[in-house]
Amino acid sequence: MVTVRVPAKVNVQLGVGGVRPDGYHDLANVFFAVALGDEVTATAADGVTLTCTGPDADAVPLDGTNLAARAARLLAAHHGLADPGVHLHIAKAIPVAGGMAGGSADGAAALVACDALWGLDTPLETLLELAAELGSDVPFALLGGVALGRGRGEILEALPVSGTFHWVFAVADGGLSTPAVFRECDRIREESGTGATIDDVPTPDADPALLAALADGDPVALADALSNDLQAAAVSLRPSLADTLHAGTEAGALAALVSGSGPTCAFLAKDADAAAHIAATLRTSGTCRTAHATYGPVPGARVVSAPTP
Ligand code: ATP
């Protein structure tokens, strides 16, 4: 039995370019891994089977579409294993369809767990390639820390960061579909007259002030530099998010933003005590289902318990 812990992510910058001819958007994505995470346990079994526990477990598909199951099959196929056998149990803490890349995290965790269970010793570089095949957010869940993602987000460059930043995440009832939020972003751009294609929107790039704030470990400077080009679209599809963002700011957050494509909202706090206070205030504010205080950056998917050889 092998257990892997894997972090959720918040995008401290999510710059969205125009729609490319292939339908994707170029992104300048600064991913930040937080301690709020899932655990995936792999046990020897016949075939690939799944179970899931946690507050959002009912929303997690337990068939072959689950990213953890797809990851197990992809790793087995890469190594030519004809009959891969694994039972994967997901202990789910990351909100589902919440803009925190929870499915991608489970895919990354399953790659690492099956690799250890099956004794494959796959090089990290190969795991990163398999991860990119599974989805654009999966490689970052393997890497963790803070990283700049380009292209669709899958071309990663680790970024220097100092110290620990304290965060609060307010979890909404129900998720938002990531493709729907991108479509809404395009619709808003078209409606406002700027246009939504790569000819209309400048290619996004990492914000130097944001990179400096991360390298300096300066939460006040980071708060000033946080940005999410999908925020207006997420709030347009779910107007109540404006109330959640306001409630966290009123409770003392240095900054508030929608996490990725939402609807989870992220709040940067000045320290751990402030984060605990903001989370407690949000929990009773009536503007979210629950709120978690956490911190980061933390490492990517890693084995936390395995049989001693
Ligand atoms: P992202 O931030 O990468 O856009 P997200 O955090 O908004 O993603 P996920 O929690 O990854 O969203 O879930 C999106 C959808 O993926 C779910 O609605 C579900 O149908 C599917 N899915 C597949 N595998 C998983 C998994 N292991 N955990 C959760 N959802 C999964």
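Taken over the range 136-161, the criterion of being touching a Ser or Thr at 6+ places or on another chain (Cβ under 8 Å) and among the aliphatic types (A, V, I, L, M) is satisfied by 138, 141.
For residue 236, the conditions (1) open to solvent by less than 70 Å² (accessible area, probe 1.4 Å); (2) more than 20 Å from residue 148 (Cα to Cα); (3) within 16 Å of the ligand (Cβ to nearest atom) all hold with the exception of (3).
Filtering the range 5-26 down to residues that are open to solvent by 20 Å² or more (accessible area, probe 1.4 Å) and of a type outside the set (Phe, Trp, Tyr), which residue is farthest from residue 104 (Cα to Cα)? Please lay out each step first, then the result.
Initial filter on the range 5-26 (open to solvent by 20 Å² or more (accessible area, probe 1.4 Å)): 5, 19-24, 26.
Cutting the leftovers down to of a type outside the set (Phe, Trp, Tyr) gives us 5, 19-23, 26.
Values: 5: 13, 19: 23, 20: 23, 21: 25, 22: 22, 23: 21, 26: 19 Å.
The extreme case among them is 21.
Residue pairs whose Cβ atoms lie under 8 Å apart, sitting 6 or more positions apart in sequence or on different chains, and linking a residue in the range 277-291 that is in contact (Cβ under 8 Å) with a residue 60 or more places away in the chain to a partner that is of a type in the set (D, E, K, R) and open to solvent by 100 Å² or more (accessible area, probe 1.4 Å), are 289/173; 290/283; 291/283.
Here are some residues: 2, 48, 86. Which one is hydrophobic (A, V, I, L, M, F, W, C), farther than 30 Å from residue 268 by Cα, open to solvent by 20 Å² or more (accessible area, probe 1.4 Å) and in contact with a helix residue (DSSP H, G or I) (Cβ under 7 Å, 6 or more places away or on another chain)? The match here is 48. Restricting to the range 294-309, name every residue that is open to solvent by 50 Å² or more (accessible area, probe 1.4 Å) and in contact (Cβ under 8 Å) with a residue 24 or more places away in the chain. Residues satisfying the conditions are 295, 299, 302, 303, 304, 305, 306, 307.
Condition check ((1) open to solvent by 10 Å² or more (accessible area, probe 1.4 Å); (2) closer than 15 Å to residue 15 by Cα; (3) touching a residue at least 24 places away in the same chain (Cβ under 8 Å)) across all residues:
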position	(1), (2), (3)
132	yes, no, no
144	no, no, yes
154	yes, yes, no
170	no, no, yes
179	yes, no, no
190	yes, no, no
196	no, yes, yes
202	yes, yes, yes
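Within the range 52-66, the set of residues being open to solvent by 80 Å² or more (accessible area, probe 1.4 Å) and farther than 15 Å from residue 39 by Cβ comprises 58, 62, 63, 65. Go through (1) within 24 Å of residue 150 (Cβ to Cβ); (2) in a helix (DSSP H, G or I) one by one and return the number of the condition residue 266 breaks. Tallying (1) within 24 Å of residue 150 (Cβ to Cβ); (2) in a helix (DSSP H, G or I), residue 266 fails exactly one: (2).
Among the residues of the range 45-94, those that are assigned to a loop (DSSP other than H, G, I, E, B) and more than 13 Å from the ligand (Cβ to nearest atom) comprise 45, 46, 47, 79, 80, 81, 82, 83, 84, 85.
For residue 106, the stated conditions hold: it is within 13 Å of the ligand (Cβ to nearest atom) and either in a helix (DSSP H, G or I) or within 30 Å of residue 270 (Cα to Cα) (or both).
Just wondering, is there one or more residues in the range 32-41 that are more than 10 Å from the ligand (Cβ to nearest atom), more than 25 Å from residue 168 (Cβ to Cβ) and of a type outside the set (Phe, Trp, Tyr)? Yes, the conditions are met somewhere in the range 32-41.
Restricting to the range 67-83, what's the tally of residues that are on the phi > 0 side of the Ramachandran plot and surrounded by 15 or more Cβ atoms within 10 Å (Cβ to Cβ)? Final tally of qualifying residues: 0.
Can you find a residue that is more than 28 Å from residue 39 (Cβ to Cβ), within 16 Å of the ligand (Cβ to nearest atom) and crowded, with 20+ Cβ neighbours inside 10 Å anywhere in the range 265-273? No - not one qualifying residue is present in the range 265-273.
The values are calculated or read from the model by the stated rules, or taken from the named source; none is laboratory data. Please read all numbers here as calculations on a predicted model, not as lab measurements. All Cβ positions, even for glycine, are placed from backbone atoms using ideal geometry, and neighbour counts span all protein chains on display. All accessible areas refer to the heavy atoms of the entire protein, side chains included, with ligands and DNA or RNA removed. Shrake-Rupley method; radii C 1.70, N 1.55, O 1.52, S 1.80 Å.
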